[in-house]
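See below for the structure under consideration.
Quick note: the coordinates plus some simple rules give every number you see, no bench work behind them. What you see is a predicted model; the values in this text were computed from it and never measured. For neighbour counting, all protein chains shown are included, and Cβ atoms are generated from backbone atoms with ideal geometry for every residue, glycine included.
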Amino acid sequence: MLRAADLPDTLAVFPLPGALLLPRSRLPLHIFEPRYLQMFEDALKTPQRLIGMVQPNPLPGSQGAVHSIGCAGRVTQFSETEDGRYMITLTGVSRFRTKVENEGFCPYRRFEITWDGFDRDLGPIESDEGLDRVRFLDLLDRYFSTQQLSTDWETIKEAEDELLINSLSMLLNFGPEEKQALLEARSLETRRETLVTLIEYALRGGGEHKELLQ
């Protein structure tokens, strides 16, 4: 596990709408654009092997802007295809806040960042003392039925609080701004409350999520 002292002050970032990475969670990525292939290969040359995942900022007049809070992931697995693409897995390390973008020549984007305020991300697995599993799983059952989703219920029932809440936050097909709200949640309990609000909104007809969970 990386320590705070191991974390760099500058980070390569990968702006990808809807792709959410959370601490201690895993995100599979398909890397094929030349600039991101270079980013990945450069990350492998560093001791930490970190890549920052951020959401583009869609506000009017914010062309090219990204949200200030993202999450850094360590490359923990990768394989190369015959045509030079990579299938990689990032394991979430800690959230960060962007400060200033580096303007030097580089095919991908790099930011000066700070890790301040996210000490909990480097700590032990979180639990959610306020989680009522019976009510939460009932809500999920109604949501999955409405959205025609399927999943392994035994795995969900046995999952630890953090794995359950973070996996659902990452996998359910919410929009980029909703994903950002889940990322910025101050605690696991706050993330679960946000997740419940989004699911209840969808059940009231606020959106359609057709992706299949396996």
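The value for the chain of Rg(Cα) / (2.2 N^0.38 Å) is 1.05. Based on DSSP H segments of at least four residues, each scored -39500 (n - 2.57), the chain has a per-residue ellipticity at 222 nm of -9500 deg cm²/dmol.
Does segment 133-206 classify as rounded, prolate or oblate by the C-alpha gyration tensor (a ≥ b ≥ c root eigenvalues; a/c under 1.5 gives rounded; else a/b over b/c gives prolate, otherwise oblate)?
oblate
If we count every other residue with Cβ under 13 angstrom of L27's Cβ, Lys/Arg +1 and Asp/Glu -1, where does the sum land?
Charge balance in the 13 Å sphere: +4.
May I ask you to derive the relative contact order of the chain, considering only C-alpha pairs under 8 Å and at least 6 residues apart, and to give it as an integer percent? Dividing the mean separation by the residue count of the chain yields 22 percent. You can think of it this way: the chain between S68 and L16 has 17.3 nm of extra reach, that is 0.36 nm per residue less the Cα-Cα gap.
Give the residue from F111, V134, A185 lying farthest towards the positive end of the charge dipole for segment 76-186; charges sit on Cβ (+1 for Lys and Arg, -1 for Asp and Glu) and the dipole is referred to the Cα centre. Towards the positive end, the residue furthest out is F111. Scaled to the globular estimate 2.2 N^0.38 Å, the Cα spread of segment 4-122, given as radius of gyration, is 1.01. By definition, a body whose alpha carbon gyration tensor gives a ≥ b ≥ c is oblate when a/c is 1.5 or more and a/b is not larger than b/c, and segment 146-189 fits this oblate description. Taking Cα centre as origin and charging only the Cβ of basic (Lys, Arg, +1) and acidic (Asp, Glu, -1) residues, the dipole magnitude of the chain rounds to 360 debye.
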